[in-house]
Amino acid sequence: MRLEKGVISSLQLFFLVNCFIQGALLPLTFAYPISKHDTWLAVIAAMIIGSVIALVYISLANLFPGKNFVQINDLIYGPYLGKFISSQYSLFFLITLSGYLWFIGDFVLTFIMPETPMSFIMIMFAFVCAWAVRQGIEVIARMSVVFAFIPAIIVFITSAMLLKEMKFTNFLPVLEIPIRDLIQSTHIITHISFSQVLVFLMIIPSLNEQRRAKKPILLGMISAGLILVIGTLRNIATLGPLSPVVTSPSMEAVRLIDIGKILTRLEIFVAMAQILLLFTISCIFYYAAVLSIAQMTKLRTYQPLVVIIGVLSIVLALISYQSRMQLSYSIMYNTPIISLHFYLVLPFMSLIVAKLRKLPQNNGRN
Amino acid sequence: MLSYLLSRLKYLKLLGQNYKLSQSNSTASKDKDEKSTTSYLSASLKNNLNLFKESLGNNYDVVIREFTINMPKQVDGALIYLTGMTDSKIVNDSILKPLMFESQLDKTTLTSKLDTIEMIRTTMLSVGEVSKSNSINDLVDNCMAGTSILLVDGCTEALLIMTADWKARSVDEPKTESVVRGSREGFIENLLTNTTLLRRKIKNPDLVLESMKIGQRTKTNVCIAYIKGLANPSLIDEIKRRLNNIHTDSILESGYIEQFIEDAPFSIFATVGNTEKPDSVAAKILEGRAAIFVDGTPFVLTVPLLLVENFQTSEDYYSRPYFVSFIRLIRFMAYLISILAPATYVALTTFHQELIPTPLLFSMASAQEGVPFPAIAEAIGMGVIFEILREAGVRLPRPVGQAVSIVGALVIGQSAVTAGLIGAPMVIVVALTAVASFVVPAQTDSGGVLRIVFVALAGFSGGFGIMIGLIGLFIHLTSLRSFGTPFLSPIAPLSVADLKDTFIRAPLWAMITRPSFIGSQDPKRKDFRLKPSPPSEKESQSE
Amino acid sequence: MKSVKKVVALMTTILILSLGTTGCWNRRELPSLGIVMGVGLDKSEDSGKLEVTAQLIKTSELNSGGTGEGGGGGSGGSSAYWNLQNTGESMFATIRGFTHKSSRKLYWPHNQVIIFGRSLAENGVQEYLDFFVRDQETRLEVYMLVAQDKASDILDFQPKLEKIPAVGISELMESQDANSQTCVTQLNEFVTRLMSPTTAPIAPIIKIEGPGAKSELSVEGTAVFKKDKLIGQLTKEETRGLLWAINKVKSGIIDVKCPDCAGTVSLEIIRSKGKITSQIIDSKPSITIEIEEEGNIADQSCDANLVAPDATEKLTKQAEKAILDEVESALKKSQKLKADIFGFGDVFHQRHLKEWTQMKDDWDEIYSNLEVEITVQAKIRRSGTIGRPATPEKEQ
């Protein structure tokens, strides 16, 4: 029995992944203070490492076609340990969702409406997310096709407009920072964007050709990764030494666009694009959290959980983060370590255990 | 709004309570219906006439003409028809005259074994469409639709002679969709004329016109038109299923049908299209859609409807592609302006003043100086006033309508600004919005609702609110379906091939395939290599 | 039934949401804003505290004729701006202090200029800049200027063409490309230089020239900062010398002597390119400045025929010499001030990372004795719409 009846095409999966990775342009801010003007190198490194990690996830999905992550865990670790691991992941999706909700609230508060209570922003945002999640993965995937283009085009156009302001000497000297910092920064970027494609293990079963997930996911990651690199290059070349200091390099860089006194103050478009992307990311995590819980509790449909999970994530966001400084500290120093467990250790272990137990064959006979 | 919903809820509760009761009732009434239809004609003309008089009542437009049929053996007969709905020329010249004076029967036919009524049908009536029936109900229904009924003494069957004809408007230019280039014909209120107009465009036996009657009391003729082999059979089945589910007493306009069969009754977007122009119906049918004709209205429904269809006109395909593509983009822009301009203005002036270029801010600030209302009140107020003016202009006779627009423009526009009640920029924004909203006539209604929603969102939370509203709108549009076809279809889900006729209009010779979500039965529309080229080039190639 | 429930739920949610938002936290109607167009920072003469002058626009006066005292007269003659002053200890507290005096909340995003008074700049600007970089209302592309004397006087000087002094100053900055003798500086450039460990921030100097009613605002020369303190200034020729090297010359005039007689020839700069490269030879750092310039003959006071290859050649040589002199004078001045206005330190940092770690501590000393080679390549392209001057032809 499948909870989700919607079917997505591999093109839609490509754009979904693309949106998902592109959305990291804003959270990338957390890597700038560590790797400074070499952040673009960290993004490229993270893209490569992330693609390798994604291969693990995909091979895991290919072992069990048509099964989502919770079902895979059940098959690999048995009903009890599997449930335990799945519930960890559900909680992890929920926490990530609340982190994104807080991030969007913080973003809107910093740049658009500083006096508005954050809970209000988060409720409004969570409301549209819940709406989309209720409509199912099909609607989210279809929307992502449109949403992927808008920010990409904005990144390209703003980069072209900022060419005049860019100073390419800002990249020099290459690799000034110690290699340790670069690794740390790469790890942060991997953690906030690329390795999060793990969540697609909940979505791959909805793909119409289930064994063909590899190409769209990898292509999506790489294409969006390149857009991230372009965005990072734009920010560093434009802002130079300011880029590690400002709260959001993308916004500040685009603020400097001034073409003939008319094309100016364009940061609103960056903000709009980022809201669209963060919306897609939040929807995916929201959907994954809801679907995994519904799958574990063997519900017939996940719809009734949507509102509950939404409220839960808002409450969680409000109680777990107090300030921007705390969020950035935890993203820079705490969560990357914890996430290793989820993004690297467990999936690798699952893959190895599955190979050892020769699970797919058994599954095929049954 | 809320009270309406509550009352609806109460009504539904009532329905729920009476569900069983109504269920048994309906079956009972169905039984009763069937019983009444079981009354048939008898052999006696007198009895039959009495039956008819009973069921037709004392209607003044019913004519019962008793006469003697001039056959070798004289037989009594009666002709029953409605005066206003029949062509008196046919009745007089093709029915009464041959029957009474010009019997062509000779001995041989007389000796044949045909009964009287069949003899009359085959040899005496010079009318195209004649059928037989013995059920009183059937006869009465047909009579009501303009058919003449010929009763013959001694026969248990009556002849139904097609004489329906009534005064109808002549085919003229549609008022709602005027064009510069293209056919000037528009549908009229007569179903037969309308289907004929379509048939004249598509002279193909595959064009199927299936008819049915909907409405227990009005018995309105409804006709589904599609092309066999092009329209998806499941689409036709779905349309028939939905139409058959309409159990209502009256269908007065195609709008009735539309509201009973649409996919998303709560949506502000219509998922059933309508048009007055035979050429656009033909074009849509040729793409694999189906049309629903309803007797008594010039508006023909087409399903499935996509959002982009609202931005297309029949003229787009008659003009050359460059300008049309430009105009298409203008239409999309105008629609966006019509729903977003006041909201953007409100958001900019109350939340994001930093986004206004400095010189513009100067003039806006000085225009707004001393205006007593907040921008959101101005926007909503002006929007409502505009809708009032528009409604007044639409309903009033034309000369008075002009007076209204003058009063509206002068008093509200000019004086309010000079009196300092409203800032001049707001008047400009509202005027721009109003003009833009007429660019896409099919979406004027949805635009009006969305405009208010967006202004409210912008007034409460600025650009973020607009963004949330846009995302919500997009979620809604993406989840909508019209008869199984995604409403936003060439865009989301993306179909690159169909974008040729979405934001731009590719040259006709390049539009080889039908829209993939609609015309998948027979995707190829025309040959490749239809692109015109100068003859000399071809000759030189062949030589 | 189900869908009705759903709609009711949706409606109530929207209703609650919108009712909850009627607090409207960030709503500001246009008439409630005090739009700041310029800000001046001074050191108060009496108390030594910070004195902030904010220039607000009077929106009601903007359209009602009259350009302030200058062109006004009549009844609508009041000026369209209002200079508001407040003194205080910290920047932000002083700015918030304006609410005691202004009925409208100050609104910063349209601020065009930040002017530092001289005495304040000499004591350091870092602590006052933080607000302009940090606050979400302020923008990084405002113009930074240093007043020759007091910033508040500059902001109170009614320009003749504009209604608002700050707008006048910002337009003035935009027109400086025509002579390239002012280093037009935006806040982000200033802060970028400030963040560099070696490069000295620069800002243009603005002053009121002339006596009494005939006085004019004038921007020329460059204020040179060491870290965040004003330590000296460049003349307009030295400023252009600096701009040549950092590739910021857009247009301008080079006056050279006529090669044939005593007259003066003006060459208009149409294109220029400056490039700084660094070398370290035998652990001895040196810098090369390469300047390429293209110009037209714009004006000549004598009647010599300059449209001849050899005359042009000579003119070119003279132009190169003039440019070289300007750059050298700027370099000399900056070496005397030990202020790395050219950003040589950053060049070494970027190209010679290894050596830089040793150099950076005593950079000031290295800089003041740095060997700099300047090469200039000038070209003269056209002579305008006439060839030789419109004078009676000379006998050759």
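Every number here is computed from the coordinates shown, using simple stated rules; none is lab data. The model shown is predicted, which means the values in this text are computed figures rather than measured ones. For neighbour counting, all protein chains shown are included, and Cβ atoms are generated from backbone atoms with ideal geometry for every residue, glycine included.
Observations
- Whole-number percent relative contact order across chain A, with pairs defined as alpha carbons under 8 Å at least 6 apart: 39 percent
- Summarised as an ellipsoid, the stretch B:287-402 has semi-axes of 38, 23, 14 Å, derived from the eigenvalues of the Cα gyration tensor scaled by 5 and square-rooted, with the largest first.
- Intensity falloff of the stretch C:29-234 expressed as log10 I(q)/I(0), Debye formula with alpha-carbon point scatterers, at q = 0.19 Å⁻¹: -1.47
- Stokes-Einstein D in µm²/s, Kirkwood radius over Cα pairs - chain C at 25 °C with 0.890 mPa s viscosity: 101 µm²/s
- Listed residues C:GLY97, C:GLY232, C:GLY212, most fluctuating in chain C (Gaussian network, C-alpha, under 10 Å): C:GLY212
- In Å, descending, principal axis extents of the Cα set of the stretch B:45-161: 42, 28, 21
- Separation between Cα centres of the stretch A:117-173 and the stretch A:34-87, rounded to whole Å: 23 Å
- Checking the cross-link pairs C:LYS248/C:LYS354; C:LYS150/C:LYS229; A:LYS5/A:LYS215; C:LYS332/C:LYS360; C:LYS207/C:LYS379; C:LYS236/C:LYS284 against a 26 Å limit on the alpha carbon distance flags C:LYS248/C:LYS354; C:LYS207/C:LYS379; C:LYS236/C:LYS284 as lying beyond it.
- Inverse of mean 1/r across different Cα pairs in the stretch B:191-305, Kirkwood, Å: 14.0 Å
- Radius of gyration, Dmax [chain A; alpha carbons; angstrom]: 20.2, 69
- Mean-position separation - Cα centroids, the stretch B:325-355 and the stretch C:293-339, in angstrom: 53 Å
- With the convex hull of its Cα atoms as the shape, chain B has an orientation-averaged projected area of 38.1 nm².
- Helix C:165-174 and the longest principal axis of the Cα set of chain C meet at an angle near 40°.
- Per residue, the convex hull around the alpha carbon atoms of the stretch B:106-243 comes to 201 Å³.
- Within 10 Å of the Cβ of each residue in C:30-36, the mean number of Cβ atoms contributed by other protein chains is 6.
- For C:ILE341, the residues whose amide H sits under 5 Å from its own are C:ALA200, ignoring neighbours fewer than 5 places away on the same chain, with H placed 1.01 Å from N.
- Of all aspartates and glutamates in the structure, those lying under 17 Å Cα to Cα from C:LYS338, and not within fewer than 8 positions of it along the same chain, are C:GLU122, C:ASP228, C:GLU238, C:GLU328, C:ASP346, C:ASP361, C:ASP362, C:ASP364, C:GLU365, C:GLU371.
- Taking the helices alone, the protein assembly as shown has a mean residue ellipticity at 222 nm of -15000 deg cm²/dmol, built from -39,500 (n - 2.57) per DSSP H run of at least 4 residues and averaged over all its residues.
- Packing-based exposure ordering (other Cβ within 10 Å, fewest first) of C:TRP244, A:TRP102: A:TRP102, C:TRP244
- Residue exposure proxy: B:LYS167, C:LYS229, ordered by other Cβ atoms within 10 angstrom of their Cβ from fewest to most, comes out as B:LYS167, C:LYS229.
- Here B:LYS46 is the anchor, and the lysines within straight C-alpha reach of less than 21 Å, apart from those fewer than 8 places off in the same chain, are B:LYS73, B:LYS132.
- Computed from label points 7 Å out along Cα-Cβ, the spacing between C:ARG351 and B:THR193 is 8.8 nm.
- Remark: the stretch C:143-276 carries a charge dipole of roughly 480 debye about the Cα centre, counting +1 on each Lys and Arg Cβ and -1 on each Asp and Glu Cβ.
- Karplus-derived HN-Hα couplings along the stretch C:288-300 (A = 6.51, B = -1.76, C = 1.60, θ = phi - 60°), whole Hz, x at Gly and Pro: 10, 10, 10, 10, 10, 9, 10, x, 10, 6, 9, 6, 9
- Chain A: angle of helix A:118-135 to the longest principal axis, Cα-based, in degrees nearest 10: 50 degrees
- Shown for C:LEU33, C:LEU324, A:LEU226, A:LEU97: other C-beta atoms within 10 Å of each C-beta, ranked fewest to most, produce the order A:LEU226, C:LEU324, C:LEU33, A:LEU97.
- Every pair of different Cα atoms in the protein assembly as shown enters the Kirkwood calculation, which places the hydrodynamic radius at 37.7 Å.
- Near the amide H of B:THR248, within less than 5 Å, lie the amide hydrogens of B:GLY215, B:GLN216, all on another chain or at least 5 residues away, with H placed in the peptide plane.
- Note on the stretch B:322-472: Kirkwood radius taken over Cα pairs, Stokes-Einstein applied at 25 °C and 0.890 mPa s, translational D equal to 151 µm² s⁻¹.
- Value of Rg to Rh for the stretch A:143-236 (Rh from inverse mean 1/r over Cα pairs, i.e. Kirkwood): 1.05
- Each DSSP beta bridge with both residues in chain C is either parallel or antiparallel, and the antiparallel ones are about 65%.
- Degrees separating the helix A:39-63 axis from the principal Cα axis of chain A, which is the longest one: 10 degrees
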